[in-house]
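Engineer: One structure coming up, written as structure tokens, with questions to follow.
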Amino acid sequence: MYDLESFIGDLKRRNPSQDEFIQAVEEVVASVIDVVNENPQYIRNKILERISEPDRVISFKVEWEDDSGDVQVNRGYRVQFNNALGPYKGGLRFHSSVTLGSLKFLGFEQTFKNALTSLPMGGGKGGSDFSPRGKSDAEILRFCRSFMTELYKYIGPDTDVPAGDIGVGGREIGFLYGQYKRIKGENTGVLTGKGPGWGGSLIRPEATGFGTMYFADNILGNIGDSIRGKRIAVSGFGNVAWGAVMKATQLGAKVVTISGPDGYILDEDGINTPEKTAFMLQLRASNNDIVKPYAQRFKAQFVPGRKPWEVPVDMAFPCAIQNELSLEDAKTLVSNGCKYVIETSNMGVCADAAQYLIDKRITLAPGKAANAGGVAVSGLEMSQNAQHLFWTKEEVDSRLKHIMSEIHASCVREGVEDDGYINYVKGANIAGFKKVADAMCQLGY
Ligand code: 2IT
């Protein structure tokens with residue numbers, strides 16, 4: 001029999017100073033501990049101990065030259081977390097906050113997220129503490145080249161398939177894939193998020209944002225409502241926020257905020273025109289990491305140094321980074337009438353805020369379910385690459401919609417509580433865990 005406290009105590013001793021990793025594991029284990037304790041096979045196979053230990057952690061040095069000719073040194077990583085269901089799959093994050101602990105949390109989450117998609121993908125994550133902020137395009141190119149010169153040894157289309165994440169978008173995937181091809185002379189699906197002209201899938205850039213809105217629409221559809229007419233706060237302004245804003249608008253909702261490290265934008269007219277969403281891409285491409293210029297360009301309000309959770313809305317979509325929505329933010333949202341928090345960033349909601357929302361019976365969708373559309377379309381990109389085919393937008397979008405509705409159905413199946421409240425966090429954790437755990441039992445050790 002497992003006891004949550006003693007299991008987490010051991011985990012902390014083995015992983016000192018990896019708070020985000022501990023947080024992610026604790027959330028999953030709290031959800032699944034009863035399932036494990038009732039299943040002698042999971043106990044006998046030591047699934048909890050094995051599933052919380054990455055298969056392999058690779059750490060390497062990345063040396064590159066900046067524009068003034070100085071040598072710079074960063075640290076690169078690839079965490080190959082679990083391959084029970086298929087090749088390691090997950091993004092690369094280039095951000096100043098990247099540490100081994102944060103990538104272990106992301107690789108752990110990715111394992112269950114990928115399981116929820118029902119596509120044959122294991123979980124992994126990688127990246128670097130390199131920050132693209134303030135760098136020139138030429139510096140980003142030199143960094144990516146150097147990063148791939150080391151990473152190529154550990155990845156492959158049937159072993160480990162990286163993609164983008166924070167700080168890694170189409171431009172960076174291009175630079176990384178270019179270097180991989182230069183070294184290996186191969187055209188394969190070794191990276192996803194490629195450009196549509198050189199092996200990428202249509203809809204991949206939009207997929208995380210589109211998927212989260214399909215998921216939200218499923219949540220509302222389940223209670224006879226829809227996302228149409230809802231007032232929405234989004235945080236972030238990158239690739240994920242961009243897709244979310246576009247799909248929300250298409251589905252008839254109104255997004256009134258986006259945000260950056262400098263503060264948030266409040267646009268009461270809605271972020272709802274092609275010009276406005278195209279400007280988000282320009283902000284990202286500028287490498288400045290600020291949203292303020294949106295306010296000047298579209299005569300919206302800029303609120304410096306604050307987060308968008310103080311704006312009264314029906315639904316909140318954290319789309320920026322882990323632990324971006326605190327307990328205090330959750331209380332403010334709820335007191336302003338917000339009924340739905342859809343975590344679109346990975347672990348965007350702090351642990352105490354998540355518990356508060358669940359206690360208040362506010363619907364909380366966890367990132368591993370709501371944001372799985374991104375990796376799902378990466379999986380579809382792998383399928384297209386393996387067949388040397390290129391699917392239409394309609395084909396990819398309809399598969400994405402179907403996958404999101406299946407994930408929603410699994411969360412409901414495993415997450416419904418005695419009072420009828422659907423605990424999506426618990427549902428996603430149990431549904432994802434069972435798939436990985438069953439495969440691990442069948443594969444032996
Ligand atoms: O967090 C994520 O799911 C991603 N960054 C996307 C991973 C992928 O392999 O497309």
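The values are calculated or read from the model by the stated rules, or taken from the named source; none is laboratory data. Just so we're clear, the structure is a prediction, and the values are computed from it rather than from any experiment. When we count neighbours, we look across all protein chains shown, and the Cβ atoms used for this are built from the backbone with ideal geometry, even at glycine. Heavy atoms of the whole protein, side chains included, go into the accessibility calculation; ligands, DNA and RNA do not. Shrake-Rupley method; radii C 1.70, N 1.55, O 1.52, S 1.80 Å.
Engineer: Once the dipole of segment 269-328 is set up with Lys and Arg at +1 and Asp and Glu at -1 on Cβ about the Cα centre, which of Met315, Leu327, Ala295 lies farthest towards its positive end?
Structural biologist: Ala295
Engineer: Which length gain, in nm to one decimal place, applies between Ile43 and Ser136 when the Cα-Cα distance is subtracted from 0.36 nm times their residue separation?
Structural biologist: Working: separation 93, 0.36 × 93 = 33.48 nm, distance 5.20 nm.
Gain on stretching Ile43 to Ser136: 28.3 nm.
Engineer: Net charge near Pro318: determine it from the other residues with C-beta under 10 Å of the C-beta of Pro318, scoring Lys and Arg +1 and Asp and Glu -1.
Structural biologist: -2
Engineer: Return the Cα extents of segment 203-346 along principal axes one, two and three, sorted largest first, each rounded to a whole Å.
Structural biologist: Projected onto its principal axes, the Cα set of segment 203-346 covers 41, 35, 28 Å.
Engineer: Separate question: Normalise the Debye intensity by I(0) for the chain, one equal point scatterer per Cα, no solvent, then take log10 at q = 0.08, 0.14 Å⁻¹ and round to two decimals.
Structural biologist: -0.41, -1.37
Engineer: Something else now. Report the semi-axes of the equivalent ellipsoid for segment 45-183 in whole Å, largest first, where each axis is √(5λ) for an eigenvalue λ of the Cα gyration tensor.
Structural biologist: Details: eigenvalues 152, 44, 31 Å².
Each semi-axis is the square root of five times an eigenvalue, giving 28, 15, 12 Å.
Engineer: Would you please put 329-340, 123-134 in order of how densely packed they are, using the mean number of other Cβ atoms within 10 angstrom per residue and starting with the highest?
Structural biologist: The peptides rank, most packed first, as 123-134, 329-340.
Engineer: Right, next: Based only on Cα atoms, what mean projected area does the convex hull of segment 344-445 have, in nm²?
Structural biologist: Details: hull surface 34.9 nm².
It is 8.7 nm².
Engineer: Over all directions, how big on average is the projection of the convex hull of the alpha-carbon atoms in segment 128-176, in square nanometres?
Structural biologist: Details: hull surface 13.9 nm².
The Cα convex hull of segment 128-176, projected and averaged over all directions, gives 3.5 nm².
Engineer: Based on a Kirkwood Rh over C-alpha pairs, give the Stokes-Einstein translational diffusion coefficient of segment 1-90 at 10 °C and viscosity 1.306 mPa s in µm²/s.
Structural biologist: Numbers: Rh = 15.7 Å.
D = 101 µm²/s.
Engineer: Quick one: which residues, 5 or more positions from Arg56 or on another chain, have an amide H under 5 Å from its amide H? H modelled 1.01 Å from N in the peptide plane, none for Pro or chain starts.
Structural biologist: Gln80
Engineer: Charges at C-beta only: +1 for Lys and Arg, -1 for Asp and Glu. How large is the resulting dipole of segment 34-192 about its Cα centre, in Debye rounded to 20? Don't jump to the answer; show the numbers that get you there.
Structural biologist: Details: 21 positive and 20 negative charges, 56 e Å.
Charge dipole, segment 34-192, about its Cα centre: 260 debye, nearest 20.
Engineer: With a ≥ b ≥ c taken as the square roots of the eigenvalues of the C-alpha gyration tensor of segment 270-309, please select rounded if a/c is under 1.5 and otherwise prolate if a/b is larger than b/c or oblate if it is not?
Structural biologist: Values: a/c = 1.78, a/b = 1.15, b/c = 1.55.
The shape class here is oblate.
Engineer: I would also like to ask the following. Given the convex hull over the Cα atoms of segment 194-285, what projected area results after averaging over all orientations, in nm²?
Structural biologist: Values: hull surface 26.1 nm².
So the Cα hull casts an average projection of 6.5 nm².
Engineer: For segment 235-242, in order, what is each residue's ³J(HN,Hα) by Karplus, 6.51 cos²θ - 1.76 cosθ + 1.60 with θ = phi - 60°, in whole Hz (x at glycine and Pro)?
Structural biologist: Rounded to whole hertz, the list is 10, x, 8, x, 4, 5, 4, 4.
Engineer: How much length is gained on full extension from Asn187 to Ser118, taking 0.36 nm per residue of separation minus their Cα-Cα distance?
Structural biologist: Values: separation 69, 0.36 × 69 = 24.84 nm, distance 2.59 nm.
Fully extending the segment from Asn187 to Ser118 adds 22.2 nm.
Engineer: How long are the three semi-axes of the equivalent ellipsoid for segment 385-445, computed from the Cα gyration tensor as the root of 5 times each eigenvalue, in whole Å, largest first?
Structural biologist: Numbers: eigenvalues 164, 89, 6 Å².
Each semi-axis is the square root of five times an eigenvalue, giving 29, 21, 6 Å.
Engineer: ³J(HN,Hα) across segment 432-445 via Karplus (A = 6.51, B = -1.76, C = 1.60, θ = phi - 60°), whole Hz, x for Gly/Pro?
Structural biologist: x, 4, 4, 5, 5, 5, 4, 4, 5, 5, 5, 7, x, 9
Engineer: Identify the trypsin sites (Lys or Arg not before Pro) of segment 157-228 meeting these criteria: DSSP loop state and at most 16 other C-beta atoms within 10 Å of the C-beta.
Structural biologist: Working: sites: Arg171, Lys181, Arg182, Lys184, Lys194, Arg228; in loops: Lys194, Arg228.
Sites meeting the loop and neighbour criteria: Arg228.
Engineer: A further question follows. Select from Gly348, Ile271, Val29 the residue farthest towards the positive end of the dipole of the chain; place +1 on Cβ of Lys and Arg, -1 on Cβ of Asp and Glu, and compute about the Cα centre.
Structural biologist: Farthest along the dipole direction, towards plus: Ile271.
Engineer: Let me ask something additional. For the pair Glu406 and Glu5, how long in nm is the line joining their label points, each one 7 Å along Cα→Cβ?
Structural biologist: About 4.1 nm, to one decimal.
Engineer: Right, another one. Tell me, what % of the accessible area of the chain is carbon and sulfur with a 1.4 angstrom probe?
Structural biologist: The computed percentage sits at 49.
Engineer: I want to verify the translational diffusion coefficient of segment 136-250 in µm²/s; compute it with Stokes-Einstein, Rh as the Kirkwood radius over Cα pairs, at 4 °C and 1.567 mPa s.
Structural biologist: On the way: Rh = 16.0 Å.
This corresponds to a translational diffusion coefficient of 81 µm²/s.
Engineer: Suppose every Lys and Arg Cβ carries +1 and every Asp and Glu Cβ carries -1, with no other charges. What dipole size does the chain come out with about its Cα centre, to the nearest 20 debye? Spell out each step's value before the answer.
Structural biologist: Values: 50 positive and 54 negative charges, 172 e Å.
Using only the charged Cβ atoms, the result is roughly 820 debye.
Engineer: Could you size up the charge dipole of segment 277-343 around its Cα centre, putting +1 on the beta carbon of Lys and Arg and -1 on that of Asp and Glu, and report it in debye to the nearest 20?
Structural biologist: Working: 8 positive and 7 negative charges, 66 e Å.
With only Lys, Arg, Asp and Glu charged at Cβ, the dipole is about 320 debye.
Engineer: Rounded to the nearest 500, what is the chain's calculated 222 nm mean residue ellipticity when only DSSP H runs of at least 4 contribute -39500 (n - 2.57) each, over all residues? Can you show the working numbers first?
Structural biologist: On the way: 17 runs with 217 residues, N = 445.
It comes out at -15500 deg cm²/dmol, rounded to the nearest 500.
Engineer: Can you check what the Kirkwood hydrodynamic radius comes to for segment 269-418, Cα pairs only, in Å to one decimal?
Structural biologist: Details: mean 1/r = 0.0561 Å⁻¹.
Hydrodynamic radius (Kirkwood, Cα pairs) of segment 269-418 is 17.8 Å.
Engineer: Now, a different point. Provide the convex hull volume over Cα atoms per residue for segment 298-372, in Å³. List each step's numbers first, then the result.
Structural biologist: Numbers: hull volume 7.2 nm³, N = 75.
Considering the Cα atoms of segment 298-372, their hull volume per residue is 96 Å³.
Engineer: Right, next: Can you tell which of Leu103, Asn74, Val57 lies farthest toward the positive end of the dipole of segment 8-141, using +1 and -1 charges on the Cβ of basic and acidic side chains (Lys, Arg; Asp, Glu)?
Structural biologist: So the residue furthest toward the plus end is Val57.
Engineer: Quote to one decimal, in nm, the extra length available between Lys299 and Glu275 on full extension: 0.36 nm per residue of separation minus the C-alpha distance between them. Each step should come with its number before you reach the end.
Structural biologist: Working: separation 24, 0.36 × 24 = 8.64 nm, distance 1.32 nm.
Extra length available between Lys299 and Glu275 comes to 7.3 nm.
Engineer: Using a 10 Å cut-off on Cβ atoms, rank the peptides 197-205, 388-396 from the highest mean neighbour count down.
Structural biologist: Output ranking for 197-205, 388-396: 197-205, 388-396.
Engineer: Running a GNM on the chain with Cα contacts under 10 Å, which residue among Pro40, Pro366, Pro304 ends up with the highest mean-square fluctuation?
Structural biologist: Pro40
Engineer: Continuing with this model, one more query. If you build a Gaussian network model of the chain, linking Cα atoms that sit under 10 Å apart, which residue out of Val35, Val240, Val98 swings the most?
Structural biologist: Among Val35, Val240, Val98, the largest mean-square fluctuation in the Gaussian network model of the chain belongs to Val35.
Engineer: For the chain, set up a Gaussian network in which alpha carbons nearer than 10 Å are linked by springs, and say which option among Gly263, Gly164, Gly209 fluctuates the most.
Structural biologist: With Cα springs under 10 Å in the chain, the top fluctuation among Gly263, Gly164, Gly209 is at Gly263.
Engineer: Please list 3J(HN,Hα) in residue order for segment 313-322, calculated via the Karplus relation 6.51 cos²θ - 1.76 cosθ + 1.60 where θ = phi - 60°; whole Hz, with x for glycine and proline.
Structural biologist: Once θ is set to phi - 60°, the couplings for segment 313-322 become 9, 7, 9, 10, 10, x, 10, 10, 7, 4 Hz.
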